[in-house]
Amino acid sequence: MASTLGVLEALLRNPGAIATKLEVKQLLKALLKRPGAITSASEAKQLHAQILKHNPSSPLYTSTAICVYSNFKLLNQSLLLFKTLQSPPSLAYKSIIKCYAVNGRFVESLASFVDMRASGNTPDHSVFPSVLKACAFLLDLRLGEAVHGCIIRLGMDVHLITGNALINMYAKLQSLAESEWRERDRRKVFDGMSERTVDNLFASQLSQESLGSCLDGRSRTGAGADSSVKKVFETMTTRDIISWNTVIAGNAQNGLHEDALAMVREMGGAGLKPDIFTLSAILPIFAQYVDVDKGREIHGYVIRYGFDKDLYVASSLINMYSRCARVEDSIRVFKITRQRDTISWNSVIAGCVQNGMFDEGLRLFRQMLKDNVIPGSVSFSSIMPACAHLTTLNLGKQLHGYIMRCGFDDNVFISSSLVDMYAKCGHIRTAGWIFGGIKGRDMVSWTAMIMGCALHGYAEDAISLFEQMKLEGIRPNHVAITAILTACSHAGMIDEGRRYFDRMTEEYGIRPGLEHYAAMADLYSRKGKLNDAYQLISTMTTPTGTIWSLLLSACRVHKNVDLAEKVASKIFEVDPENIGARVLLSNIYANDGRWKEAAKVRMTMRNMGIRKNPACSWIEVKNKIHTFIADDKSHPLHDEINIALCELQEKMELAGYVADTSEVLHDVDDEQKKYLLYGHSERRAIAFGIMSTPAGTTIRVIKNIRICVDCHTAIKLISKIVGREIVVRDNSRFHHFRDGECSCGEYW
DNA sequence: GTAGGGTTAG
């Protein structure tokens, strides 16, 4: 054999060499037994040439050539040969099935498998892994089960690699059928997470003893108890670390977290130590449970074993830390990871964005592009919320263009984030247009759109979307319900809001949480039903300062000082440092002319060392954000803006404008109050916007606090005078001012 | 030949 192959090597490396027919025949025969002797694609082509020269019609030789080509993943060459075969022999089928699979052509791979069975050829252990991988990829459980039956009949279910592939297929596909179980299991495990069973899990070096001790008290069984994954695993006579890791990853991804962790403990008993695959599979569990202590222990183990150079482990660690709100640790892990890919960048970017570090997220995103790392679809869905929160429309639009050029605009994660971004940037119509084009909308897409309508005051659209979502078989979760309650709240629809609130438990199985109480309290408060709001909040077991503050704010609008004092004391009970509440209370006193009390509250604040955030507005002009803070004169065009405001003022007064000074909370005379109103940040931002953009351009301004009554009146007039649409987002909603009117219908 | 990481609404 060795000498035959030696001749072959000589022949292949020197195709011009003359070989006798006998020699070639011997060579090919030897190759039939050892196709692996061919070590490069070019040698494979030489072999093909020899076959064409000496025996082109032999199915056996042709199959051998296909086999050799498929070893080098050369699909086109394999196919050319395969198509010449009238009735392909087993080897040809096996090779082509594998070749399709390694090239990601799973449909064709399975079709060839079906052809092979129909032609009476018997598959063997060499094809099943590819076939099972194809079933997993195509989410075809029925075919997978049929293949499994075939494997059992052939007695192949004890074969190590086939068994591993079976486990993988079931792990990937069972999650589809068992999503309901999964949810139940998740809650169950969550309840038990604080118990000692998981404690000290990774205390030392995952030693046999420490893992063993954790097995005591393991009590739960889940959907996985008699799952196909488990059955296959238990049937196998030999198992390797891949078998264990596949089951562990499957359990982790299917929400069987306790099972996954138990198996990590058990694998020690089989003489196997957790490796990089094991760790990257279980780290997301600690990320989900926000258990940074366990996550840290794993990080320690990772470092001790030198696994910290692995990209997968690094991304899992970055993700774990950011889910646990330790962004600094995420960034640290990212920075010391020399090798980086799209996913590790995505992890750190998403970590920043999810923790509110929008600018840092954007900076890292730009750095990623600079480093020539090609962004994937996940990169965009991770960064887009930063644009939504910062309301940087131009940046959002640029990213949208990039997304379209990449062909990612049909991705549901991305389009949902776009719906949200456009809605939050004031472009509700664009949001609606994108939403309309989403195929396979999920709960998040619907909720983003519903919330968008809510923010713009389009409650009826929000309600009809909500009902349509239910008709399409999507059961609302707690976020969707928050969105619909917010919609009702922003339109003053008390009855509708109350109905959704009262029925949410019965109809959707969701108990009202803080966010739902907040929306309802807001609904009553805005409508002036202050006592109803008070009653509702009082029924809560532990109302927060934030919820009481909604009512306090309404007390200011509806000028109810007595209730305000009562509410304020409730707030200071649970949250003595609450800045907003103290500011509000002082304003309420000032509004009532009780300047002494107002001053007292301010004094208390000063003594406590707390300062209120100043009112500010900002506007994006030519990709630059201009910020205007109340009474701040630092803008380079400050004087020009003042002149423009005075000119506007004259035209407004001609149109009948009379300043409403009732909300000016300073102890000064009316003339001074009028002057103070000019200084309101949104007015200066709008004046600047008018000065620096072409006639007719829509002005978009964002403000950090509620818009005051006088500004609301003034902006309505300004929109008419300058003939422009002016969109102002305050801290809770959008106002579209057009031709002297506002979309909020005086309700905000 | 089989195994692992990152994403959208609040």
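The values are calculated or read from the model by the stated rules, or taken from the named source; none is laboratory data. This is a predicted model, so every value here is computed, not measured. FYI the Cβ positions are ideal-geometry reconstructions off the backbone, even for glycines, and counts take in every protein chain you see. Surface accessibility is based on the protein's heavy atoms, side chains included, excluding ligands, DNA and RNA. Shrake-Rupley method; radii C 1.70, N 1.55, O 1.52, S 1.80 Å.
Could you check, for the stretch A:355-374, whether at least one of its residues is at pLDDT 95 or above and within 9 Å of DNA strand B (Cβ to nearest atom)? Spell out the reasoning first.
Of all residues in the stretch A:355-374, those at pLDDT 95 or above come to A:355-374.
So of that shortlist, the ones also within 9 Å of DNA strand B (Cβ to nearest atom) come out as none.
Looking for residues that are at pLDDT 95 or above and within 9 Å of DNA strand B (Cβ to nearest atom), one finds none in the stretch A:355-374, hence no.
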Exercise. Could you say whether any residue in the stretch A:515-527 is assigned to a loop (DSSP other than H, G, I, E, B), touching a helix residue (DSSP H, G or I) at 6+ places or on another chain (Cβ under 9 Å) and assigned by TED's automatic domain parsing to the domain that holds A:Leu552?
Worked result: yes
Seminar exercise, completed: Scanning the stretch A:375-394 residue by residue, those within 28 Å of A:Val727 (Cβ to Cβ), at pLDDT 95 or above and either among the aliphatic types (A, V, I, L, M) or more than 9 Å from DNA strand B (Cβ to nearest atom) (or both) turn out to be A:Ile383, A:Met384, A:Ala386, A:Cys387, A:Ala388
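If the requirement is being open to solvent by 30 Å² or more (accessible area, probe 1.4 Å) and of a type in the set (Gly, Ala, Ser), which of these qualifies: A:Ala659, A:Ala655, A:Ala714, A:Ala685?
A:Ala655
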For this session: Find all pairs meeting these conditions: Cβ atoms under 9 angstrom apart; at least six residues apart or on different chains; first residue within the stretch A:438-467 and aromatic (Phe, Trp, Tyr); second residue not in a helix (DSSP H, G or I).
Result: A:Trp446/A:Glu472; A:Trp446/A:Ile474; A:Trp446/A:Pro476; A:Tyr458/A:Ser743; A:Phe466/A:Pro476
Exercise. Can you name the residue in the stretch A:548-586 that is more than 12 Å from A:Val601 (Cβ to Cβ) and acidic (Asp, Glu) and is also surrounded by the fewest Cβ atoms within 10 Å (Cβ to Cβ) among such residues?
Worked result: A:Asp562
For this session: Check whether at least one residue in the stretch A:397-414 is within 12 Å of DNA strand B (Cβ to nearest atom), of a type outside the set (Val, Ile, Thr), closer than 20 Å to A:Ile699 by Cα and open to solvent by 40 Å² or more (accessible area, probe 1.4 Å), and report yes or no.
Result: no
For this session: Can you give me the number of residues within the stretch A:463-507 that are within 30 Å of A:Lys439 (Cβ to Cβ) and in a loop (DSSP other than H, G, I, E, B)?
Result: 6
Seminar exercise, completed: Note: among A:Arg296, A:Arg332, A:Arg340, just one is within 11 Å of DNA strand B (Cβ to nearest atom) and among the basic types (Lys, Arg), namely A:Arg340
Problem set entry | helices (runs of 4 or more DSSP H) wholly inside the stretch A:316-390 containing at least 1 residues that are in contact with a Gly (Cβ under 6 Å, 6 or more places away or on another chain) | A:327-336, A:342-354, A:377-390
Seminar exercise, completed: Across (1) open to solvent by 20 Å² or more (accessible area, probe 1.4 Å); (2) in contact (Cβ under 8 Å) with a residue 24 or more places away in the chain; (3) among the β-branched types (Val, Ile, Thr); (4) assigned to a helix (DSSP H, G or I), A:Ile510 clears everything bar (4)
For this session: Sort through A:Arg706, A:Arg683, A:Arg700 and tell me the only one that's part of a helix (DSSP H, G or I) and among the basic types (Lys, Arg).
Result: A:Arg683
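In the list A:Ala590, A:Ala554, which residue meets the criterion of being closer than 28 Å to A:Glu515 by Cβ, small (Gly, Ala, Ser) and in the same structural domain as A:Ala521 (by TED's automatic domain parsing)? Give the derivation first.
Numbers: A:Ala590 fails: closer than 28 Å to A:Glu515 by Cβ.
A:Ala554 is the lone residue from the list that is closer than 28 Å to A:Glu515 by Cβ, small (Gly, Ala, Ser) and in the same structural domain as A:Ala521 (by TED's automatic domain parsing).
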